[in-house]
1. Along segment A:53-62, what does the Karplus equation 6.51 cos²θ - 1.76 cosθ + 1.60 (θ = phi - 60°) give for ³J(HN,Hα), rounded to whole Hz, x for Gly and Pro?
2. Pairs of alpha-carbon atoms within less than 8 angstrom and 6+ residues apart define the contacts here; what relative contact order does segment A:158-267 have, in percent?
3. Please list, ordered by chain and number, the residues whose modelled amide H lies under 5 Å from the amide H of A:Cys4; skip anything fewer than 5 residues away on the same chain.
4. Based on the alpha-carbon gyration tensor of chain A, what equivalent-ellipsoid semi-axes (square roots of 5 times the eigenvalues) come out, in whole Å, largest first?
5. Zone of A:Val142 (label point 7 Å along Cα→Cβ, backbone N under 11 Å): which residues in segment A:70-87?
6. Between A:Lys62 and A:Gln176, what length comes free when the chain is fully extended (0.36 nm per residue of separation minus the Cα-Cα distance, one decimal in nm)?
7. Taking only DSSP H segments of four or more residues, each worth -39500 (n - 2.57), what value at 222 nm results for chain A once the sum is divided by all its residues, to the nearest 500 deg cm²/dmol?
8. Let me have the relative contact order for chain A, percent, based on Cα pairs under 8 Å that are six or more residues apart.
Amino acid sequence: MPFCLATWNVNSLKVRMPHLLAWLNTRPVDIVCLQETKVTDDSFPVQSLADVGYRAHFAGQKTYNGVAILLREASVGTSTELVCGLPGYDDPQARLIALTVEGLRVVCGYFPNGQAVASEKYAYKLAWIGALTNWLREQVQVHPQLALLGDFNIAPEDRDVHDPAQWAGQILCSDQERAAFRALLALGLVDAFRLFEQAERSFTWWDYREFAFRRKMGLRIDHILLTSALAKRCTACSIEVELRKLERPSDHAPVVAVLEEFTRPAT
DNA sequence: ATGGCATGACAATCATGA
């Protein structure tokens, strides 16, 4: 049985629960990273997810942000080393959660949007990613099998943008953001999606406005980065575009990476 | 040049997203 890792910005877990449950029913991925849950921890739908076989770890806040990692009970054991919030970076915004399961370090991040280049939020975005990069530099040493999944809010290359000329230098596509993305790769991580041949105009986010989805006007800003040890085990990576076609969809589609059968290292 | 659409908080608009 292959082992599947997924990431999905749900844009409100409360609103997207029916979609999430239906999706997990047809595609029972083993580990699911969620962003923009927009729920406080006391109202996280723990029971509804337990009912369909998933154990949840979460770090949320009111109205904005919020991240979670769901573990499929039938396929993974106990998790350890739970981290909520970016270590060493004092941040009231709930944007990071990490845990270790099956020898796998799973880091789920909701990167700041940045709003506009040169804005205060842009500076925060770059600082946040810088702090993440520094923390991961240590993490990849300790955990050779590490996966960074989430909404990066960065389109790494022009081929990840429906209209590169229109987006040139804009937020999500600026040189500094792309450099920050490459700095993450420089830690020894690889973009799982680009390990395989993919269709042109493959995106993970489409604006709700202007019929952007049907017009294929999107960006690829949700990613799964893998250490080389994991990349060797990765046999496929795809975007679950079908979920963007549903009624009341999230503006993001999930990304799924498939790993070949995991062999527990000898202890 | 601006807003479009969606969500949540809050009770008519407003902040935020990307």
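1. Result, rounded to whole Hz: x, 10, 9, 10, 10, 8, 9, x, 7, 6.
2. 26 percent
3. Correct list: A:Asp30, A:Ile31, A:Leu259.
4. With the √(5λ) rule applied to chain A, the semi-axes are 25, 21, 20 Å.
5. Of the residues in segment A:70-87, A:81-83, A:87 have backbone N under 11 Å from the label point off A:Val142.
6. 38.0 nm
7. Helices in chain A give a 222 nm mean residue ellipticity of -7000 deg cm²/dmol.
8. After rounding, I find 20 percent.
Readers should treat all values here as calculations from the given coordinates under stated rules, not as data from a laboratory. Computed from a prediction, not measured in an experiment: that's the story for all the values here. Heads up, the Cβs are rebuilt from the backbone with ideal geometry, glycines too, and the neighbour counts pull from every protein chain shown.
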